[in-house]
Structure formats: C-alpha cells, structure tokens
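Below: one structure, written as structure tokens.
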Amino acid sequence: MTAQRRHRVVDSIGVSVLSAVLLVWTLLPIYNIIRVSMQEKEEVLSTSVYPIAPSPHAFSVVFRQAFWLLETFWNQMGNSFFIGVGVALLTLAIGSLTSFTISRMRIRSGWMLTNAALLTYVIPMSFLAIPFYGIMGKYGLTNNPLAVIAVEVTFATPYAIFIFQQYGASIPLELDEAARIDGASPPQIFFRIYLPLMAPALVAIGTYALLLSWNEYLYAFLLLSGGKVVTVPVALGKFLVGDEAPWNYLMAAAIIYAIPPLLIYYGFRRKMSGGLTMGGVKG
Amino acid sequence: MAVTTMIDSPAAATRTAPRARRRGTFGADKLWALAFVTPYVAIFVAFVIYPIGYGLWLGSDPASYRALFSDPVYPRTVVNTLLYLLFGVNLKLLLALLLSGFFMRKGWWTKFLLLVFMLPWAMPALSSYLSINWMLNGQWGLINNLIWQVAQVDGPPWLDNSGFAMGSVIYGHIWKWLPFWTLIFLAGRMAISVELYEAADVDGASRLQKFTHVTVPLMAGMYLVCTMLSTIWALGDFNAVRFISGGGPALSTHVLATLGIRNAFELGDPKLGMATVLTALPLLIPLVILLMRQLRRSEVTI
Amino acid sequence: MKLISRRQALGGVGAAVAAGTGLMPRRAKAAGELTVWWTQGFYKAENDAVIAWMADWEKRNNAKVNLTIMNGPDVITKLIAGMQVGDVPDVVHTVTGDRFLVPRAAWNDQLEDVSEVVESQKAEFTETALISARLYNAKQKKYSYYGVPTKGSSLMNSVWLPLLEEAGFAATDMPGTQDKFYDFFQTVQDKLRSKGKRIFGLGYSMAAKEADAGNLFHQFLVSYGGVGIVTPDGKLNIDDPAVRQAATTTLERLTTPFKKGYVPPGAINWGDVDNNNAFFARQIVMTPNATISIAAAQMDKPDLYYKEIITRGIPMGNDGKPVASVLAISPTIIPKGSKNVDAAKALLRDFIQPANMNAYLKETRARYLPVMASIVKNDPYWTDPKDPHRQVAVDMGLTKPTVPWWMSYNPAYSAVLSEQIWPQAEANITQRNMTPEQATEEAAKRIKQLFEQYQK
C-alpha cells in the first residue's frame, strides 16, 4: 500500500469513527425523549431501553389538552410564538438600526455605544431576575408578555449589534457613498443597500434571537403567572412539582415544543450561511 | 439593486473608510442618526441601567454578604461555578475548534452530519435538559438501563453523587452549546484564505503543522473573544443546573446563578439572592473589560 | 423583494406591539376588586370547587374577585418577589406557607393582622391550629394571629400488602413501636431479596430538597423525645441533652439503613414526587408521606385502594406510649400593602365557616385535613369506616395528640428548614463520613447562627 493510500484508509476509518461518535453523542438525549414520550405510564418507571409497546397516546393527550397540567397547552404555545417572533423582529430592527448608525454613519460616539452594549453582559441575564421583576411592576408590565420580550431583546441586541458590525465590515462604504451622491437619505440607504446585503446576518440573528427566547425559562416563570399567559417551558416546569410524574406526557409536550424552532432553523439554514461570521465573510 | 459581495478580506473595506469620513455628514443625517439609535438607547436606559442599578442597590447591604459567607453551601458553590466555567467553556470551545476543522470537509456526508449535529442547538433547552435529567436517572434512566441490560451491573449514580452530578451538568451544557460554537468557528475558518493553506502545502507542511501555523494564529483573536463571551454566558446559565441536577444532591452542585435564585426565593431573601450573584463581579468586570478591548483591537486589524 | 419585506416587517412589529398592549388586559386594581392567589390543588375538582365558591361569593357580596390559581412554589416565589417590590395581592392561600414564608413575613411586619378572622371561629379551631397561627411580629413587638388556618397534614406510612405477603408476613405482623416498626421492613427486604426481587424495604427520601426528608426527620425527632428543640416562647434548646440525644438517634436511625442498602441509593436526590413514583413502581415496600396522597392517587383502582395499599399512622414510641404527630397547618394570609383589607377579611371569614371548609376539603379527597373538630364530628365522610385511609389520617391529624411545627415559635426555624439543615446532616453522614454526633454538632452550630438573626 502506498503511503497515500494508507493515509486515505486511516482517514476514512477516522472519519467513520468520528461520525459514529458524533451521531451517538448528538442523538442519545433525542432518542431518550422520543422513547419516553412513546411509553405508557407504568413503563416509564422501568428498566426498558426500547419502548415495549410504543404508542402515540401521550401525544394525543397533549394535543387534546386532556391532562390537567396541560389544559392550556395551545395557549402556551401561542404565547411562546408571540414572544419568540416579537423578540426576533425587535432584535433585528433595533440591532440593525443601531449597528448601521455606528458603522455606516460614522457618528463620533459610535464606539461608546458598542461598549455600552457590552455593559449589558457585565451582569449575566439570570442574575438580574429579581430586579427585573420589580422593575416590570413599576413599568406596569406585570403578567404581560411584553415584559419577557423586553428582557430578551435587551440581552440579544448587544450580540446582534456585534455580529452586524462584523458582518457589515465586508460591505464597502463606497456603496453608501455612491447612493449618497445620488441623493439618497439615510433611511433609503438603510433599506435599499444595507438591509438586503446584510440578509444572511439578519437571518442568523433572527434565528438566534428566536431560539434564545424559545429557550427562556427563568424570566417567563417570574414575569408571567396563570395558566393562560405563561409559556410552555414554565408549564412543563410545573410537572416537576407535584404528586404524579407523567414523564411520557412531559416528553411528548417537550417534543411538540421543540418542533417549531427545529423547522425554523432547518428552513432558514441556507440563508444563514456565513451570517454568523465574526471576522470577515467568504461566499 | 444588484450588488455582489466579492470581498476576500475585510481589510479592503476599512481602507475605504478614511475617504468617507472626509466627506462628513450632513446636518439632516445627524437627525437620522439620532432617530436610529434612539430605540436602543431607550432600551438600554430602561432595561439595562435601571435594573443593574436596582440590582446593585439590592445587593449593597453588608449584612447580606456576612450571611452569605457564613452559609456552608456558598464555598462549594463557588468551586462548582469555577469548575463549570473551566471545563464547560474550555472543553467545549476546544472541541468546537477541532470539530470545525472536521466539518470543513467537502461531501454530502459531512453536510448531513452537520445537519444532525446542529440539533442540540435548535432544540429548546428545557426539552433537552429534561431529557438528559431523565436519561441519567440512576434508577429509571436510559443509560443505566442500557448498562444493566448489557453488563448486569448497576450503572454509576450520575445524579446522586456530587462529582458525577457536576460532570452531568457540564455534559449537558456542552451537549447543548457545542454545535453553536462549532458553527461560529466554522464560519471563521471559511474566512481564512485558501491560498494560505496552499502555500503551506507547497512548503510541505503536515496537517498538524497547517493547523498550528495557519489556522491557530488566524483564529486566535476569535477564539479569545469566544472564550470570554462563552464564559460570561455560562456564568449566567441557570437552566442546565436547575433542570439536570436541581442543585443536588444535598445542594452540592449549585452554581452562583442557581444559588442566587435559591437564596432569593427558597430562603425568601431577595437581598441575599442579589448579593450571591454579585460576588461574581470580580470575575465578570475584568472579563467584560478584556472583551471590550479585544473587540476594539479586532475591529482595526482583522 | 427584500426591501418591501423589511419595511413591512418594521411596520408589522409596530402593529404587533400596539396590538399586544391592547390585547393583554392590565391587572385592573379597581376599588374593591380583590386579588386572590390560590394554591393549585392536585385534583381538578379541588380547583373547580374554589372557583365555584369564589364566583358564588362574588354574587352574594356584589364584589369582584380576581382569582389566580398557581402551583405551590409559584405562589411563594411570586409573593416573595411581590413583597420585595410592594406589589402584593389581597389574599394568598398557601399550602406550605407555614414552613418558609409566613412566620418570617409576620416577624418582619409584612402581614396583616387577621385576629378578627380567626376569632370569629376561635372555638372551632383545634389548639394546634391556633398555636401555629399565632406568630410574633418583631416590629410591633407582639404576638398575634397572622395566618388563617385552613387545612392540616401530618406524616403517615404507606405499605404494600402484597409485598408483605410475598415475604411471608401479614398486615398484623407489623410492629407497633418505633424502632421495631422500621426494622421490620429491613427483614421484609431481606426475605424479598432472597427470592431474587430487587426491592428496597424502606423508601424514604433523604434529599436536601423539598419537604419529605425534613418531615420524616422531625417526626422521628419527636418520637425520640426531641420535641423541646424550640421552646414555645422561641428559645433554641438544642444543647439540652435530651434534645441532642434525640437528634443524634434520629440521624443514626435514618442513615444506618441507607448505608446498609435498605434505602434506595437515589433517595438522597428524591423530590417529593419520587417516593410516590418508586412506590407505585413497587420498588419499595413502604414510604412515609405527608398526606394520604399515595393511596388517594389510586382511588379509581378499588383493588389497590381498598386492599393492597395500607396506610399506617406513626408508630408508638419505644416505650409503648403514643407519640404526638407533628401537624403542619396551611395558612391563608393577607399581605401588608393590600388595598382591600376589609374585603379580604370578609372573604376569609366567610370561607372558614365550618360548612364551607368542609365542602372544600372533601374535594381534596382527604389529602388535607380539617382544622376544626366539629367538621369531623358532623360529617360522616371523615369517619367513613369503609375508607381504610381516611380514618388513619383523621386520627393522626385531628383526634390523636398533635404538636405544631416550631416555626410558629420562632421564624429562625423556617431558615433551618429552608436551608435543609437536617437533611444536610444526613448527607454529611452518608456522603462525607461524619458520625451522627459530629453531624448533629455541625447542624447545631449552623442553627445557632440562624437563631442569632432572630433576636426578639
């Protein structure tokens, strides 16, 4: 065997092993959640590895809201959607406007704004839960999804600004100049030049912001109360406090909750390529 | 308007900047600039300055700190937090860097693998962590069931022993966030000009040498920024500990984020809760300053 | 195509925000409108009963009630946060409020004095209920009633009869005294293990979370003579040799079976629901539980409910004398800062009338006990001889001697419970190799520190 062929064989073995490891690593918890969701209550507390008699019973319970902890499941899904989409759109709007102003309009204090944005991260999100609860009360936003949206947007925007700036550095300012010569006003430059060229970054950040708020538990839990207003993670958290633990229903609901972000991520994946770059872009 | 983006290196973009500045901004432009940044400034004042200020005020009572340091759970919590950061962040980013190299390969299999690999990031944290919690359950969990079926022995107490439980939490964190950082590094690698690798090939460099002499130096800045960012985010990670180990067993796997909430709401002392998380400031403030500096630097040189 | 969509997107966001604020009604604090937070029950019927009763009260009194039903920990969390920022509801019905929240809030003058409400039914309430409702207000330097007792719960043991029989025993073989009772289950486990079944004899939680482990510890403490750990006027008595001995014995009696393998190893991490799960999966022969919820959850399976699951009260002391049950009382409170105190008091006065309480408690399927002796006397439901579980619960919680938890004597004991000091002591023995004496000393040190924060 020539050195090159040996190299290739070792290479393909390496790839196979790595692929197998990656697949097992990634899919183990996912297999588990599907497995438990297809089990009957008694089987949940057993030593089985494969579901003995897999049934979609748990899913139908969740769909029909037939369990008392799931009574307002679809309202809660709706709330999660409302908040998720709201966060994504607002983050995109505010983030892109701010980053446009800092990097394209060359205002003198631009760097101050970027640094100030990073100040947001001085105290991590979960550390500010208690102050936020109080403040939302003072703003009159108690039990209002807008409170959760505000919190998420606050923490997603600095990262958005950062990414937009990095990505935007690849768009030559000459385009802005050319448009300015043609008599375009800043909003026109923003909408006609900046945004279209930023498309991959916008899709990436929109997805990031949506996933961020879809993941949120702590703030939804603190800022919202009552079955109809909360989001799905909060509702699922209630399963863990109580007398019976129908894990199959819990997992089924968790799977249903996971489907929208999965669809969105895999749907927009292609448009995102290169959008999350943090230093230059290529293709 | 058809515009092509065929910029190979962003350095070209910065070269055009001085010309633009000479032009200056018109008066009307200044108004637009103001209008455009107003939304963010408003958010910043209402939802960053005020809460941080209120939080600092809540955590300003020395009595809280005295109570905090006398709590037997606190020292353990600090150790846990540091372990979580040390292993959770660094192991994850190292793996991400290496995997990003793997995912650069061409071919449909790599693409398919990447698709599957991204699942943990797209799946909501709660769903994943609950699944992991149940999977690692010492009595009913999938892993120990598997071990029992294969080897007829009881599997390790994944969540019932402090060391294992801390490991499980770190595992959960890495499982969830590895794909995201791999993607970031992948994007970074793709920005590295292929010519550099070709030149190295001409010089007869091995794969390892290409990695250490081309990839690493070029990715160093980004790696540093990612480390700092990930550390900050991991410090605040409440969900992983809460839903995988619950801080147990015997309160031995708490991190500052979860201990803060426990102090605020289980002990009923919001001031103590705030004080708990504020003890992370000596770590956070230098990190953020470093991050700001590094970002300033990278804006000019990359 | 991109340009239009962005503009539309921005416009859409604006519209959504506007619609959002319109769609979500602000919590109207109209004059006279009562905001009531109620702890979610375990059965739909329970919640429905509360909703129906509130609706009825609204009609009878021409008032408006804004009722939110949340689960237990949520109520406590939101109340704590609310009290911090001064935004509180008018009435809060808690289930575990007596443990962490209410005594401390009373101490800090954060609750309205509800003496008028309690006095209106004073003759009805049992003595233990009254003692637990009477709390000390450090700001005003006086004892008064700050919580309205609504229901009670105490510890009981659930046992699987079929497993006993498999080991060759009958229900009557269960000993009646403390040590012999718990040792018995070790024998049962040995017999079942010799038949190849991987079952544990003793299924009690030892986790430093939630309430189960703490409940069992304190009941044992009373059985071994440690009831005087806090005196009724709030002094800590942990250096009393009898109390020390009781604590050390309790720790030893709870941890030794664990070390010998008679308690499931996962028990150091069990939430309150996990012993129920283990019991239903027949992994454990017996489990202590704070209510008859284990049996009640199987009410729809008559074989299980009437024959296979046995409920036993706490055993008698080693000296053959009856042991008092530690009775937890769920308080309903009016936080300070409520703007409708009079209306709140009127609502509560109405709710605690024996007939109303009875109707409500029956919906809990006797998971929670009345705190009024007359209810049990007047309604045969509670002493139904056909129900093997209810009778035990009523006995333990009402008829036989009871003692209140110690938080009502001094809120420092709430901190002892929230910090899970005694379950941590158990963990020190099982995980960190301390002896029971060392663990007791560690616990005592921390408890003394906590009591120092609550000097009158």
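Please treat every number below as a calculation from the coordinates, not as lab data. Note that the structure is a prediction, hence the values are computed from the model and not measured. With ideal geometry, Cβ positions are generated from the backbone for all residues, glycine too; neighbour counts draw on all protein chains shown.
Placing +1 on the Cβ of each Lys and Arg and -1 on the Cβ of each Asp and Glu in chain C, which of C:Q121, C:H389, C:N356 has its Cα farthest towards the positive end of the resulting dipole?
C:N356
Pull out a ≥ b ≥ c, the square roots of the eigenvalues of the alpha-carbon gyration tensor of chain A, then state rounded if a/c is under 1.5, prolate if not and a/b is larger than b/c, and oblate in the remaining case.
oblate
Residues in region C:99-143 near a label at C:Q353, defined as backbone nitrogen under 18 Å from the 7 Å Cα→Cβ point?
Within reach of a label on C:Q353: C:116-125.
For region A:3-62, what relative contact order do you get, as a whole percent, if you take Cα pairs closer than 8 Å and at least 6 residues apart?
26
To the nearest whole percent, what portion of all C-alpha pairs in chain C is separated by more than 40 angstrom?
So the pairs more than 40 Å apart make up 24 percent of the total in chain C.
For a quick check: sort C:K191, C:K260, B:K30 by the number of other beta carbons within 10 angstrom, fewest at the front.
So the residues, fewest neighbours to most, are C:K260, B:K30, C:K191.
How large is the Rg to Rh ratio of region B:59-301 when both quantities use alpha carbon positions and Rh follows Kirkwood?
When Rh is taken as the Kirkwood radius, the ratio is 1.05.
Defining a contact as two alpha carbons under 8 Å apart and six or more residues distant in sequence, what relative contact order in percent does region B:59-301 show?
Over region B:59-301, the number comes to 30 percent.
Could you pull out every residue, at least 5 positions away or on a different chain, whose amide H is within less than 5 Å of the one on C:L111? Hs are placed 1.01 Å off N in the peptide plane, and Pro or chain starts have none.
C:K336
Using θ = phi - 60° and the Karplus curve 6.51 cos²θ - 1.76 cosθ + 1.60, what whole-Hz ³J(HN,Hα) does each residue of region C:74-84 get, with Gly and Pro shown as x?
4, 4, 5, 4, 5, 5, 4, 4, x, 5, 5
Could you work out, residue by residue across A:30-40, how many beta carbons of other chains sit within 10 Å of that residue's beta carbon, and then give the average as an integer?
4
In whole Hz, what ³J(HN,Hα) sequence does region C:240-248 give by Karplus (6.51, -1.76, 1.60; θ = phi - 60°), x for Gly and Pro?
Result, ordered by residue: 4, x, 5, 5, 4, 4, 4, 5, 4 Hz.
Go through region B:68-118 and name the trypsin sites (Lys or Arg not before Pro) that are in a DSSP coil and have 13 or fewer other Cβ atoms within 10 Å of their Cβ.
Here the sparse-neighbourhood loop sites are B:R105, B:K106.
Among B:I174, C:I310, C:I51, which comes first, second and so on when ranked by fewest other beta-carbon atoms within 10 Å?
C:I51, C:I310, B:I174
Which FRET efficiency value, to the nearest 0.05, is calculated for C:D384 and C:N108 with the Förster distance at 56 angstrom and r the Cβ-Cβ distance?
Efficiency, rounded to the nearest 0.05: 0.85.
So, in Å, what gap is there between the alpha-carbon centers of region A:202-228 and region B:178-208?
The distance from the Cα centre of region A:202-228 to that of region B:178-208 comes to 35 Å.
By the scheme Lys and Arg +1, Asp and Glu -1, what is the net charge of all other residues having a beta-carbon under 9 Å from that of C:V117?
In short, 0.
Round to a whole angstrom and tell me the spacing of the C-alpha centers of region C:336-376 and region C:243-262.
With region C:336-376 and region C:243-262 each reduced to a Cα centre, they are spaced 39 Å.
Taking the Cβ of C:L327 as the centre, find all other residues whose Cβ is under 13 Å away and add up their charges (Lys, Arg: +1; Asp, Glu: -1).
Here the count lands on 0.
How far apart, in nm, are the 7 Å Cα→Cβ label points at B:N90 and B:R207?
Simple spin-label model gives 2.6 nm for this pair.
Take the alpha carbon atoms of region C:146-281, find their radius of gyration, then divide it by 2.2 N^0.38 Å using N residues; give the quotient.
That works out to 1.18 for region C:146-281.
Tell me the mean residue ellipticity at 222 nm calculated for chain A from its helices only (DSSP H runs of n ≥ 4, each -39500 (n - 2.57), averaged over every residue, nearest 500).
For chain A, the value works out to -21500 deg cm²/dmol.
What's the magnitude of the charge dipole for region B:59-301 around its Cα centre, counting Lys and Arg as +1 and Asp and Glu as -1 at the beta-carbon? Answer in Debye, nearest 20.
For region B:59-301, the charge dipole is close to 340 debye.
For peptide C:271-277, how many partner chain Cβ atoms fall within 10 Å of a residue's Cβ, on average?
Partner Cβ neighbours, averaged per residue: 5.
Report, by chain and number, residues whose modeled amide H sits under 5 Å from the one on C:W270, excluding near sequence neighbours (fewer than 5 apart, same chain).
Sorted by chain and number, the residues that satisfy this are C:M206, C:A207.
Arranged from highest to lowest average of other beta-carbon atoms within 10 Å per residue, in what order do the peptides C:394-402, B:253-261 appear?
B:253-261, C:394-402
For region A:17-154, just the Cα atoms, rotate onto the principal axes and tell me the three extents in Å, largest first.
Principal extents (largest minus smallest coordinate, Cα): 67, 49, 25 Å.
In percent, what relative contact order does region A:34-129 have, based on Cα pairs under 8 Å that are 6 or more apart in sequence?
The normalised contact order for region A:34-129 reaches 14 percent.
Other chains near B:150-157: what is the mean number of their Cβ atoms within 10 Å of each residue's Cβ?
1
C:K64: which lysines have alpha carbons under 16 Å from its alpha carbon, excluding same-chain residues fewer than 8 sequence positions away?
C:K29, C:K339, C:K345
Check B:L159: other-chain or 5+ apart residues with amide H under 5 Å from its amide H, H built from backbone geometry?
Amide H neighbours of B:L159: B:G138.
Computed FRET efficiency, Cβ-Cβ of A:E42 and C:K197, R0 22 Å: what is it to the nearest 0.05?
Efficiency for this residue pair is about 0.80.
Dipole of chain A, Cα-centred, from +1 at each Lys and Arg C-beta and -1 at each Asp and Glu C-beta, to the nearest 20 debye?
Rounded to the nearest 20 debye, it is 780 debye.
Give, in nm to one decimal, the length gained when the segment between C:Q438 and C:E252 is fully stretched (0.36 nm per residue of separation minus the Cα-Cα distance).
65.8 nm
Test of the criteria: in region C:187-276, which chymotrypsin sites (Phe, Trp or Tyr not before Pro) are in a DSSP loop and have at most 12 other Cβ atoms within 10 angstrom of their Cβ?
Sparse-neighbourhood loop chymotrypsin sites (Phe, Trp or Tyr not before Pro): none present.
Dipole of region B:59-301 (Lys/Arg Cβ +1, Asp/Glu Cβ -1, origin at the Cα centre): which of B:L196, B:L267, B:L224 lies farthest to the positive side?
The listed residue farthest towards the positive side: B:L196.
Return the whole-Å distance between the Cα centroid of region C:67-125 and the Cα centroid of region B:97-148.
The distance from the Cα centre of region C:67-125 to that of region B:97-148 comes to 45 Å.
Using the Cα centre of region A:3-62 as the reference point, and only Cβ charges (+1 on K/R, -1 on D/E), how large is the resulting charge dipole? Debye, rounded to the nearest 20.
In debye, rounded to 20, region A:3-62 gives about 460.
Place the peptides C:343-350, A:129-136 in order of packing, highest mean first, counting for every residue the other Cβ atoms within 10 Å and averaging per peptide.
A:129-136, C:343-350
Would you compute, from DSSP H runs of 4+ residues alone, the mean residue ellipticity of chain B at 222 nm, taking -39500 (n - 2.57) per run and dividing by the full residue count, rounded to the nearest 500?
Only helices count here, giving -21000 deg cm²/dmol.
Select from A:S185, C:M54, B:W175 the residue farthest towards the positive end of the dipole of the protein assembly as shown; place +1 on Cβ of Lys and Arg, -1 on Cβ of Asp and Glu, and compute about the Cα centre.
Value: A:S185.
At 222 nm, what helix-only mean residue ellipticity would chain C give, in deg cm²/dmol to the nearest 500, using -39500 (n - 2.57) for each DSSP H run of four or more?
After summing the helix terms and dividing by the residues of chain C, the value is -13500 deg cm²/dmol.
Can you quote the Å³ per residue value for the convex hull of the Cα atoms in the protein assembly as shown, rounded to an integer?
That works out to 180 Å³ per residue.
How big, in percent, is the set of alpha carbon pairs in region A:3-62 lying more than 17 Å apart?
57
Tell me, what HN-Hα J-couplings in whole Hz come from the Karplus equation 6.51 cos²θ - 1.76 cosθ + 1.60 at θ = phi - 60° for each residue of region C:375-383, using x for Gly and Pro?
These are the phi-based 3J(HN,Hα) values: 4, 5, 5, 8, 10, x, 3, 6, 10 Hz.
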